[in-house]
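Undergrad: One structure, as structure tokens, below. Some questions next.
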């Protein structure tokens, strides 16, 4: 974009600048003693010029929004056509309480639902399972059967609102429950939209909510791709996630690389099943973290789009442009929130959210200020939602697409992150793919090392966290902490007992038996069997138990 | 300078899978010369107490971010004491609201290290407290 | 106080066992007293060493073997050794994670140990821990080593049966040829046998064994290799190769049976006694060495030692003469 001569001139002049003006300045005022490295440990230069992005080809590297390689955005109009979905992750206690929170958020302007489930539900245990002791409703809503699901979405128009469910090992089951709720209300599956996270690879790498070993888990996931493609065309059957990988301590580059590589593995798995890539790829979605280093995050999102488009088109031969789109949801980084001076978190979240918007996210969750301590209170979650609304309506950043495109720094970073990601791809390829790499403990070790390095930097005050290792104050914390209704668990347990009593238990037994048999046959798609179990009010724990019996449980390698 | 090694059991009780902090603390303790028995995820209070007994640890460190701390932590301490492990220092970390800390301390958790605690703080606390406990046991 | 602990341990009290192992690790005068008191009760347990490079699945294998032995009504002790960091003196002991099935079993005791500066694959106190578990009535004691390499020699002299674990895909050919491995293995296990290359590893082991002619025999208390032509009335044990998939519990029963066969062989052939004699001689020698050195050094005063060493550095006398001088101080 800049001709060779012009670039040479710029380089020359920059050298001169360094030897004269800069020198003089440094002599009077040396640079501060700080890291000047970003969170992926890349050194950041004092200044970026066109010379830092030699051979920059606008049409090749950026192009136009809505066209390959989509670096600037996957839609031609982006936020001028439609704002990102404001989708606040929520859930706690019993289905009744969470239903109330959903309605509160919708009333206050959120445009999509996002469900958090409690740990027993995430692992496929019913509330009354001994493994679930003490965990009811603590970090999400408890769902043990279809009856809870029906209450959870009571009064919510499933044909008008899309729902994202953060659920992984039992994702197919929770999805089946949602589908049956819609079915019972007479809403055709072709009209409902939403997402199930359903990304088991990152569970092995980071979030650790795995249950079954890799092979049967992948089979279940491809079953959902297949089923969704045929019967629930508006549903994103997977949200390939980097958020949790980042939260576990990964750098931005690692988040980018591991997430995209996981994506490649899912595409391969779908193709191996015999599906045409364009049948299911348009419904693959992503989920990234929006962390503190503002420009690095924006570059990360742009690099992600470019890499995915390239690989989908060139490596996997996808022909439908919608298969090349990297559509993503973003959540601001939970791990950056501090318990000390929680109001500061409002500021952090605002900046992180801005990065996500400038990075072109399709959907956004902003954390509440009290989340380093507890579940978000109504006030805190409202502020978080307002943060998005203020960005959307008051800052003007939505008036143009990819406003930072062309910034020497941002384009340099985008390229650099792309290169670094490909290096990781090569390493993992050499190991035999992501599952092999996980068995070897590679991504886990990278993450543990990065997490330790980060903590050391903070301990040694090389990296400042305001309110924590600098600008501290002794004041007690007076944030209202949201409490769950103590009656909620009792109500839930009663409902669970009633369901078990009143359902046709013989029918349940038969459905579970059929599920178990189908699970043993790799050629069977399990969705229809799960749906039958759900309709008969088999509980989550019962269905997962049947699957555990067939698939076994995963034991992770020990990486510290 | 044969100071007795400090043995620490690090465990994550319950279903919480967020092990970033537990791993960072395990490494920091190792770097401070301690022996860390890392038992990882999905530990029940019974498993933790039995391991503490067999490993004859000086310290048990419990990491929990799921909110289930009031149900799981006091139970763990109780089981430790029932097994005769009265001198074992029990500390906790993770997401534990300030208002729950007094109750946990009453139940026998010596200290709660919330988000933002530096690893040096944890190392020094353990070193000092264990030395204190060892001294008082010798004198008893 | 110590008597109580010893008595309780002999009766199987886990808390006492745990305390005694710590005392042994800390190696003070108490340790010696305790081990003296326990020694008469030792000699019954079958000590099984499990060694192999990191990543071979040793911990999972040990877990599965322990479960199998428990099914046969045997009490199982496990000592899992991990390396101490030479820089910090600390260690991460993570083998217990693999053994969560066993935590509740009253017939199982698991102890994690750090090498604490010992150069081998075992901690100095590992042998002591084994004795304590032996005295406490554990029938099988599984010792899982660091698997660091030359370390293997340690395990061979501590254990009655040494199992060497290999897996496909770790650049195996090099592993197998590694010095010492063939000599010390009583049983080879090819774990993760579902992976590609498992048969290749088993084959490599077979080939190495025949090429190396490493049929072992105990002769005059020394482990020796013997060429097939040699005449020897003593029976031989050719290390079998067992395939396992520890994570699935496959091949474990066969492995346990093989281990029992080896035990039977040791007892019937007299090799058990030879091994015990070998262990005893090595141990006494080791203790004697430490003891005598202590005495020499206590008889000579610090100044004198420093002075002599100074002369060695200056090349005024050589180290042999220096040692003779110091030893001379004894008589």
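Readers should treat all values here as calculations from the given coordinates under stated rules, not as data from a laboratory. Computed from a predicted structure; not experimentally measured. We place every Cβ from the backbone using ideal geometry, glycine too, and count neighbours over all the protein chains shown.
Undergrad: Take the Cα atoms of segment A:164-309, build their convex hull, and give its volume per residue in Å³. Mind dumping the intermediate values first?
TA: Values: hull volume 15.4 nm³, N = 146.
Roughly 105 Å³ of hull volume per residue.
Undergrad: While we're on this one: Would you mind pulling out the separation of the Cα centroids of segment A:441-462 and segment C:261-331, in Å?
TA: One Cα centre to the other: 45 Å.
Undergrad: Would you mind giving the mean number of other chain beta-carbons within 10 Å of the Cβ of each residue in B:79-85, as a whole number? If you can, show how the numbers build up before the last one.
TA: On the way: counts 0, 0, 0, 0, 2, 2, 2.
That works out to 1 on average.
Undergrad: Another one. For segment A:422-560, what does the alpha-carbon gyration tensor say about shape, rounded, prolate or oblate, given a ≥ b ≥ c as the root eigenvalues, a/c under 1.5 as rounded, and a/b over b/c as prolate? Don't skip to the end; give the middle numbers.
TA: Numbers: a/c = 4.26, a/b = 1.40, b/c = 3.04.
In terms of gyration-tensor shape, oblate.
Undergrad: For the protein assembly as shown, how big is the tail of P(r) above 41 Å, as a whole percent of Cα pairs?
TA: On the way: 254695 of 530965 pairs.
Above the 41 Å cut-off, the protein assembly as shown has 48 percent of its Cα pairs.
Undergrad: Compute the length gained on full extension between residue A:320 and residue A:23: take 0.36 nm times their separation in residues and subtract their Cα-Cα distance, giving the result in nm to one decimal.
TA: Details: separation 297, 0.36 × 297 = 106.92 nm, distance 5.43 nm.
Here the segment from residue A:320 to residue A:23 would lengthen by 101.5 nm.
Undergrad: At 222 nm, what value in deg cm²/dmol follows for chain A if DSSP H runs of at least 4 each add -39500 (n - 2.57) and the sum is divided by all its residues, to the nearest 500? The partial results should precede the final answer.
TA: On the way: 22 runs with 267 residues, N = 560.
For chain A, the value works out to -15000 deg cm²/dmol.
Undergrad: Now for a separate question. Among A:393, B:69, A:482, which comes first, then next, by fewest other beta-carbon atoms within 10 Å?
TA: Working: A:393 10, B:69 27, A:482 19.
Neighbour counts put them in this order, fewest first: A:393, A:482, B:69.
Undergrad: Would you please put B:100-106, B:116-122, A:164-170, B:3-9 in order of how densely packed they are, using the mean number of other Cβ atoms within 10 angstrom per residue and starting with the highest?
TA: Numbers: B:100-106: 14.1, B:116-122: 17.1, A:164-170: 25.3, B:3-9: 20.7.
So the order, starting with the most tightly packed, is A:164-170, B:3-9, B:116-122, B:100-106.
Undergrad: Can you tell me the equivalent ellipsoid semi-axes for segment A:487-551? Use √(5λ) from the Cα gyration tensor, largest first, whole Å.
TA: Numbers: eigenvalues 124, 30, 16 Å².
Over the Cα atoms of segment A:487-551, the ellipsoid semi-axes are 25, 12, 9 Å.
Undergrad: Which value at 222 nm does chain B reach when only helices count, each DSSP H run of 4 or more adding -39,500 (n - 2.57), with the total divided by all residues and rounded to the nearest 500 deg cm²/dmol? Don't skip to the answer; put the middle values down first.
TA: Numbers: 5 runs with 64 residues, N = 140.
Calculated at 222 nm, the ellipticity per residue is -14500 deg cm²/dmol.
Undergrad: Another question, then. Rounded, prolate or oblate for segment A:59-459? Axes are the square roots of the Cα gyration tensor eigenvalues, ordered a ≥ b ≥ c, and the cut-off for rounded is a/c under 1.5.
TA: Details: a/c = 1.26, a/b = 1.15, b/c = 1.10.
It comes out rounded by the Cα gyration axes.
Undergrad: For a quick check: sort C:47, B:60 by the number of other beta carbons within 10 angstrom, fewest at the front. Mind dumping the intermediate values first?
TA: On the way: C:47 24, B:60 27.
Fewest to most other Cβ atoms nearby, the residues stand as C:47, B:60.
Undergrad: Now a separate question. So what does log10 I(q)/I(0) come out to for segment B:1-121 at q = 0.19, 0.21 Å⁻¹, using the Debye formula with one equal point on every Cα and no solvent?
TA: The Debye formula, applied to the Cα set alone, gives -0.99, -1.23.
Undergrad: How far is helix A:505-520 tilted off the main Cα axis of chain A, in degrees rounded to 10, range 0 to 90?
TA: 50
Undergrad: Please compute the average number of Cβ atoms from other chains found within 10 Å of each residue's Cβ in peptide B:38-51. Could you put the intermediate results ahead of the total?
TA: Working: counts 9, 8, 9, 5, 5, 3, 6, 2, 2, 4, 1, 1, 8, 6.
Other-chain Cβ atoms within 10 Å of each residue's Cβ, averaged: 5.
Undergrad: Within segment A:304-319, which residues have the backbone N less than 15 Å from the label spot 7 Å out from residue A:429 along Cα→beta-carbon, could you tell me?
TA: From segment A:304-319, the list is A:307-308, A:310-317.
Undergrad: Show me the ranking of peptides C:90-101, A:74-85, C:301-312 by mean Cβ neighbours inside 10 Å, starting with the highest. Each step should come with its number before you reach the end.
TA: Values: C:90-101: 22.6, A:74-85: 16.3, C:301-312: 12.3.
For the peptides C:90-101, A:74-85, C:301-312, the packing ranking is C:90-101, A:74-85, C:301-312.
Undergrad: Further, regarding this structure: Starting from the 7 Å offset along Cα-to-Cβ, what nm value, one decimal, do you get for the label separation of residue C:2 and residue C:267?
TA: Going from the residue C:2 label point to the residue C:267 one covers 3.4 nm.
Undergrad: Next question. Sort A:39-49, A:18-28 for me by packing, meaning the mean count of neighbouring Cβ atoms within 10 Å per residue, highest on top.
TA: Details: A:39-49: 14.5, A:18-28: 10.5.
In descending order of packing, they fall as A:39-49, A:18-28.
Undergrad: Within the protein assembly as shown, what percent of beta bridges assigned by DSSP are antiparallel, to the nearest 5? Walk me through the numbers on the way to the answer.
TA: Details: 8 of 90 bridges.
If I count the DSSP bridges inside the protein assembly as shown, around 10 percent turn out antiparallel.
Undergrad: I've got another one for you. Would you mind computing, in nm to one decimal, how far apart the modelled labels at residue A:550 and residue B:98 are, each placed 7 Å from Cα along Cα→Cβ?
TA: So the two model labels end up 5.2 nm from each other.
Undergrad: How many Cβ atoms of partner chains, on average, are near each residue of A:434-444 if near means within 10 Å of its Cβ?
TA: 1
Undergrad: Moving on to the next point. So if I take the centroid of the Cα atoms in segment B:24-81 and the same for segment C:23-87, what is the distance between those two points in Å?
TA: Using only Cα atoms, the two centres lie 22 Å from each other.
Undergrad: Please compute the modelled spin-label separation between residue A:15 and residue B:86, points set 7 Å along Cα→Cβ, answer in nm with one decimal.
TA: Rounded to a tenth, the inter-label distance reads 7.8 nm.
Undergrad: Gap in Å between the Cα centre of segment B:99-122 and the Cα centre of segment A:26-54?
TA: 39
Undergrad: Taking 0.36 nm per residue of separation and subtracting the Cα-Cα distance, what length does fully extending residue A:100 through residue A:498 add? Display every interim value, and only then the final one.
TA: Values: separation 398, 0.36 × 398 = 143.28 nm, distance 2.29 nm.
Stretched out fully, the residue A:100 to residue A:498 stretch lengthens by 141.0 nm.
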